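Okay, so here's the structure we're looking at.
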Amino acid sequence: MTAIASPEMFSGLSCLSGVESAKYALVSAALCLCGMGAQAAPDEAQLKTLMQAMLFEDVVDVLCDEGTEMSEDFVEAGYGVPKPMWDKMLNRLYDEKVMAQAFHEEMGEALGDADLTPMISFYETDLGQKIARLELETRKAMSDEATQEVANDAWSALDPEAERAQLIEDYVQVNDLVEMNVVGAMNSDIAYYQGLWSAGFESESGMGDSEILNAIWASEPEVRADVSEWVYGFSTMAYETLSDEEFEAYIDFGRTEAGQKLNHALFSSFDAVYEHVSRGLGAGTAKLMQEFDGEQL
C-alpha cells in the first residue's frame, strides 16, 4: 500500500510549536466525510473485497495505535495541559470503525467508476498478499525510531548501481512517493493551524496567518529530506524478502492503468482524511490549551 509511506505529519510544528514527529492523526470527530452526490462510484462489494485484500482494517489499527502515542509529544512540549487530558482527547477522537468507514468512502469516491477487477486480482494473488503483509508489518516496526534508523542505514548501505537499489528507485518513482507524501504532509500542517485558528488560537509572537503559512512552507526542504529518507528506508526494509522478480512484478503492476488509478486513489483518500483530521486535532489542541490556560504554541 504505497500511500502509507512517511508517518511524518504536521511537519511545520517542529519549528512553530516544538511538537516533534507527530504521527498521522486520525480524529473521528473530523471524519464526517460525506459523499459528493451524483459522482460515479465503484461496486460496493468489489470495493470491500479490494480493501480487505489490502488489509485496510489492520492498517487502520496501526494508525490508531500510533495516534494514541501522540500524547507523549504534547506533554513533552510543555503546554501546561495534563497528560490525562491529552489521553482522553486522543482516545475519544481515535475510532477504528469511524476511520475505516472514512477511508472506505474516500476510496470509493476517488476510484469512481474505475474497474477494480485487475486491482483485486493482483492483491488476491500470493504475491499481492505477501506484499500487503510485508508493508503492514514494516509500518508497525517503523513506528519505532530505532527501527527507522536501521531501515535508513540499510538503504544507505546499498550500492546505487546494485539491482536492488535500482528496483527501489523505480518503485519510488513509478508511484511518485516522495512528492505525494510531501504535499500531503504540508497540507496537513496547514489544516492543523486552520483548526487552531478556528478555535480562537492566537500566536504569542503576533504572527498572522500569512506569516505562519510562509513559515510552514519554508520548512518544505526539511520535510522533503525527512520524507525521502523514510520512503527509501521503508522500501528497503519492506521488500527485502521479495526476490528481484517479485519486486519487479509489483513495480510493473504500479505502471499499469489499474495500478496508477489505485495509487492516486490511495493518496487522494489519505490526504482527504488527514486534512479533515488535522484540522480537528488543531481545534482540539487549542480548546484544551484555553481550558487549562496552557502556554501558547
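The values are calculated or read from the model by the stated rules, or taken from the named source; none is laboratory data. Source: prediction; values computed, not measured. Because the Cβ atoms are built from the backbone with ideal geometry, glycine has one as well, and the counts that use them run over all protein chains shown. The area values use the complete protein model at the heavy-atom level, side chains included, leaving out ligands, DNA and RNA. Shrake-Rupley method; radii C 1.70, N 1.55, O 1.52, S 1.80 Å.
In this structure, is Thr138 of a type in the set (Ser, Thr, Tyr) and either open to solvent by 70 Å² or more (accessible area, probe 1.4 Å) or touching a residue at least 40 places away in the same chain (Cβ under 8 Å) (or both)?
The answer is yes for Thr138.
Give all pairs with beta carbons closer than 7 Å in which a residue from segment 86-98 that is at pLDDT 80 or above meets a residue that is among the acidic types (Asp, Glu) and in a helix (DSSP H, G or I); count only pairs at least 6 apart in sequence or on separate chains.
Hits for this filter: Glu96/Asp61.
Taking Ala185, is it touching a residue at least 24 places away in the same chain (Cβ under 8 Å), out of contact with any Leu (no Cβ under 7 Å at 6 or more places or on another chain) and open to solvent by less than 50 Å² (accessible area, probe 1.4 Å)?
yes
Being surrounded by 15 or more Cβ atoms within 10 Å (Cβ to Cβ), modelled with pLDDT under 85 and part of a helix (DSSP H, G or I) is true for just one of Ser6, Ser14, Ser21. Which residue is that?
Numbers: Ser6 fails: part of a helix (DSSP H, G or I); Ser21 fails: part of a helix (DSSP H, G or I).
Of Ser6, Ser14, Ser21, the one residue that is surrounded by 15 or more Cβ atoms within 10 Å (Cβ to Cβ), modelled with pLDDT under 85 and part of a helix (DSSP H, G or I) is Ser14.
Yes/no matrix, rows are residues, columns are (1) on the phi < 0 side of the Ramachandran plot; (2) at pLDDT below 90; (3) of a type outside the set (Gly, Ala, Ser); (4) surrounded by 15 or more Cβ atoms within 10 Å (Cβ to Cβ):
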site: Tyr192; (1), (2), (3), (4): yes, yes, yes, yes
site: Ala199; (1), (2), (3), (4): yes, yes, no, yes
site: Trp217; (1), (2), (3), (4): yes, yes, yes, no
site: Asp226; (1), (2), (3), (4): yes, no, yes, yes
site: Phe234; (1), (2), (3), (4): yes, no, yes, yes
site: Gly259; (1), (2), (3), (4): yes, no, no, yes
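Say we look at segment 261-297 and pick out the residues that are over 18 Å from Asn187 (Cα atoms) and surrounded by fewer than 18 Cβ atoms within 10 Å (Cβ to Cβ); which of these is modelled with the lowest pLDDT?
The qualifying residue modelled with the lowest pLDDT is Gln296.
Within segment 35-42, can one find any residue that is among the small types (Gly, Ala, Ser), touching a Gly at 6+ places or on another chain (Cβ under 8 Å), outside any helix (DSSP H, G or I) and under 26 Å from Phe253 (Cα atoms)?
yes
Determine, yes or no, whether Ser156 is open to solvent by 40 Å² or more (accessible area, probe 1.4 Å), farther than 25 Å from Phe253 by Cα and without any contact (Cβ under 8 Å) to a residue 40 or more places away in the chain.
Considered against the rule, which asks whether it is open to solvent by 40 Å² or more (accessible area, probe 1.4 Å), farther than 25 Å from Phe253 by Cα and without any contact (Cβ under 8 Å) to a residue 40 or more places away in the chain, Ser156 comes out as yes.
Residues are listed down the side, and each one gets a yes or a no for (1) farther than 19 Å from Met180 by Cα; (2) within 18 Å of the chain's Cα centre (by Cα):
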site	(1), (2)
Ala215	yes, no
Glu222	no, yes
Asp226	no, yes
Ile251	no, no
Asp271	no, yes
Thr285	yes, no
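For segment 141-153, enumerate the residues that are small (Gly, Ala, Ser) and surrounded by 15 or more Cβ atoms within 10 Å (Cβ to Cβ).
Of everything in segment 141-153, those that are small (Gly, Ala, Ser) and surrounded by 15 or more Cβ atoms within 10 Å (Cβ to Cβ) turn out to be Ala141, Ser143, Ala151.
Consider Met119 carefully, then state whether it is within 26 Å of Ser71 (Cα to Cα), open to solvent by less than 40 Å² (accessible area, probe 1.4 Å) and either out of contact with any Pro (no Cβ under 7 Å at 6 or more places or on another chain) or part of a helix (DSSP H, G or I) (or both).
Considered against the rule, which asks whether it is within 26 Å of Ser71 (Cα to Cα), open to solvent by less than 40 Å² (accessible area, probe 1.4 Å) and either out of contact with any Pro (no Cβ under 7 Å at 6 or more places or on another chain) or part of a helix (DSSP H, G or I) (or both), Met119 comes out as no.
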